[in-house]
Amino acid sequence: MIAESQSAGANSYVLLQIGNRRFGLPSGIVTELAPPVRLHTFPHTSSLVAGVIVRRGRIIPIYEVAKILLGRSSSAHQFYLVARRGFAARPGEAETFESSAIPVNGQCELATSDLQPCGEDRPPYVSGMLAIDGESIEVLNFDVLLAMETARVTDGSRAEAQS
């Protein structure tokens with residue numbers, strides 16, 4: 001469960017553990033921390049999609065983001081962190097949202113801190129840094145992180161088509 005250390009607000013973040021590293025997500029997009037339920041797998045070509053779970057009557061894709069964040073898969077996880085992923089809208093249309101999940105280790109906690117800008121050397125899925133208890137924690141842009149594979153596949157397709 002999410003341990004509440006501060007009240008939720010604009011500077012509120014859910015701190016989560018993936019592998020041996022901690023990251024943050026804006027608390028406003030996190031919907032729940034789900035127990036490990038049956039992961040349904042199926043044949044597909046998306047390297048980040050581990051499968052799907054059925055939660056509250058909805059099918060929720062599970063993204064193995066450890067491949068991007070740690071450079072390897074993380075086989076040890078205890079929960080699925082479910083968050084809202086936004087999709088850019090076409091002109092004149094509203095942005096759409098979908099529940100997506102990532103495997104996390106251990107418990108998560110709610111923390112309040114000011115988001116600090118990050119250096120130019122940070123990957124595009126890092127929206128800033130939090131300084132909490134002497135630790136620097138990267139805050140993830142969930143939409144950009146989950147779109148990393150799409151961008152890589154699109155760039156690879158273009159490169160392949162041009163060769």
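The values are calculated or read from the model by the stated rules, or taken from the named source; none is laboratory data. Quick caveat, the model's predicted, so the values are computed rather than measured. Here Cβ is always computed from backbone atoms with ideal geometry, including for glycine, and neighbour counts include all displayed protein chains.
Please go through segment 43-55 and pick out each residue that is in contact with a strand residue (DSSP E or B) (Cβ under 7 Å, 6 or more places away or on another chain) and assigned to a strand (DSSP E or B). Lay out the reasoning, then the answer.
Taking segment 43-55 and keeping what is in contact with a strand residue (DSSP E or B) (Cβ under 7 Å, 6 or more places away or on another chain), we get 48-53, 55.
Correct list: Val49, Ala50, Gly51, Val52, Ile53, Arg55.
Tell me the residue from Ala94, Ala76, Ala88, Ala83 that is of a type in the set (A, V, I, L, M) and within 14 Å of the chain's Cα centre (by Cα), please. Break it down into steps so the answer makes sense when it comes.
On the way: Ala94 fails: within 14 Å of the chain's Cα centre (by Cα); Ala76 fails: within 14 Å of the chain's Cα centre (by Cα); Ala88 fails: within 14 Å of the chain's Cα centre (by Cα).
Within the list Ala94, Ala76, Ala88, Ala83, the selection yields Ala83.
Name the pairs whose Cβ atoms lie under 7 Å apart, with the first residue in segment 80-104 and more than 19 Å from Leu140 (Cα to Cα), the second surrounded by 10 or more Cβ atoms within 10 Å (Cβ to Cβ) and of a type in the set (S, T, N, Q), and 6 or more positions between them or separate chains?
Ala89/Thr96
Could you please find all residues in segment 56-94 being part of a strand (DSSP E or B) and among the aliphatic types (A, V, I, L, M)? Explain how you work it out, then say what you get.
Within segment 56-94, the first condition is being part of a strand (DSSP E or B), and the residues that meet it are 58-63, 79-87.
Within segment 56-94, Ile59, Ile60, Ile62, Leu81, Val82, Ala83 meet the criteria.
Are any residues in segment 83-127 touching a helix residue (DSSP H, G or I) at 6+ places or on another chain (Cβ under 7 Å) and loosely packed, with under 12 Cβ neighbours inside 10 Å, and if so, which ones?
Taking segment 83-127 and keeping what is touching a helix residue (DSSP H, G or I) at 6+ places or on another chain (Cβ under 7 Å), we get 83-86, 100, 110, 124-125.
The one that is touching a helix residue (DSSP H, G or I) at 6+ places or on another chain (Cβ under 7 Å) and loosely packed, with under 12 Cβ neighbours inside 10 Å: Pro124.
Could you say whether any residue in segment 31-43 is more than 16 Å from the chain's Cα centre (by Cα), closer than 26 Å to Gly134 by Cα and of a type outside the set (A, V, I, L, M)? If you could, list the steps in order and put the result at the bottom.
Step one: filter segment 31-43 for residues more than 16 Å from the chain's Cα centre (by Cα), giving 35-43.
Next cut, closer than 26 Å to Gly134 by Cα only: none.
For segment 31-43, residues more than 16 Å from the chain's Cα centre (by Cα), closer than 26 Å to Gly134 by Cα and of a type outside the set (A, V, I, L, M): absent.
Starting from segment 127-138, take each residue that is farther than 15 Å from Pro26 by Cα and list its partners that are in a strand (DSSP E or B), counting only C-beta distances under 8 angstrom and pairs at least six apart or across chains.
Glu135/Arg22; Ser136/Met129; Ser136/Leu130
For Glu138, which of the numbered conditions (1) outside any strand (DSSP E or B); (2) modelled with pLDDT of 95 or more fails to hold?
(1)
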